[in-house]
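Please read the structure below before turning to the comments.
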């Protein structure tokens, strides 16, 4: 069994909870409340800024900078965020004032800690745990014939099933599978993979249940 398959198998139940979360099921059905998606979209915009940091540091730590630079370029989601914010009437200042919800802040802090303290393989494993479930749930929706009428719901599915996404996840898996690791490394990487999946679940929960900071 490859290391990436082993990482996924090691979080089997949690993986299923992430890729079949009610947020995703309702998104595919087109029944997800718009306010839930709007909250998710705002928080994902904030979260993506953390991923830019992770990508930059991963490239700097890569043993083959050229290969990493080719695969770890900036993603293409920025335009759709700005389009959605404009349509909702949010000004640039409104966007700049978006507040991190608890799950987003905790997840972002975890990623920053890994980015600065982890080795290259740690960062690639982190990225795999972020992207692979997205490819999985989106492919499942497509295989089930789900095509929501909401433009942004469908675009979100399309963005995570396109060839670029497939190729990126394949490269992440290849990198994890071909990097020499010790038994101790495998234990550490399994922990990282598990923790990222935990945060992914909490991120869905945050948007679906409208998580807020305590008043006061």
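Before moving on, here are some points about what is shown:
- Extension gain from residue 109 to residue 212, taking 0.36 nm per residue of separation minus the Cα-Cα distance: 35.3 nm
- Calculated FRET efficiency for the pair residue 86/residue 29, C-beta based, R₀ 35 Å, to 0.05: 0.85
- Computed on the Cα atoms alone, the convex hull of the range 1-49 gives a volume of 98 cubic angstrom per residue.
- Treating r as the C-beta distance of residue 98 and residue 20 and R0 as 35 Å, the FRET efficiency rounds to 0.80.
- Helical mean residue ellipticity (222 nm; -39500 (n - 2.57) per DSSP H run of 4+; nearest 500) of the chain: -24500 deg cm²/dmol
- The range 100-127 and the range 168-206 have Cα centres spaced 11 Å apart.
- Cα gyration tensor, the chain - rounded (a/c under 1.5), prolate or oblate: prolate
- Working from Cα pairs under 8 Å separated by at least six residues, relative contact order for the chain is 41 percent.
- With R₀ set to 45 Å, the beta-carbon distance separating residue 142 from residue 117 gives a calculated FRET efficiency near 0.75.
- Helix 163-178 and the longest principal axis of the Cα set of the chain meet at an angle near 30°.
Values quoted throughout were computed directly from the atomic coordinates according to the rules given, and no laboratory measurement underlies them. This structure is a prediction, so every number in the text was calculated from the model and none was measured. Please note: Cβ atoms are built from the backbone with ideal geometry, for glycine as well, and neighbour counts cover all protein chains shown.
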